[in-house]
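Trainee: Dropping a structure here in structure tokens format, bear with me for questions.
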Amino acid sequence: MDEHELTITRYRCCTCNGTGLDDDRNRCLDCDGIGIDNHGAP
């Protein structure tokens, strides 16, 4: 794997980047803290 290659994880929440936490380290309200995009966006 090239050091500049970016691995894309499908269905990761775009708001928290899959961490489940928002910028204030609180539960992400978009994904309910699970880190998975549950809105079905295309």
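Every read-out reported here was derived from the displayed coordinates using simple, explicitly stated rules and does not represent laboratory data. All values reported here derive from a predicted model rather than from experimental measurement.
Trainee: Mind checking the full-extension length gain between residue 25 and residue 11? Use 0.36 nm per residue of separation minus the Cα-Cα distance, one decimal, nm.
Mentor: Fully extending the segment from residue 25 to residue 11 adds 3.0 nm.
Trainee: Sticking with this structure for a sec: Long-range amide H contacts for residue 36: which residues qualify at under 5 Å (H placed 1.01 Å from N, peptide plane, sequence gap of 5 or more or a different chain)?
Mentor: Placed amide hydrogens put 13 under 5 Å from residue 36.
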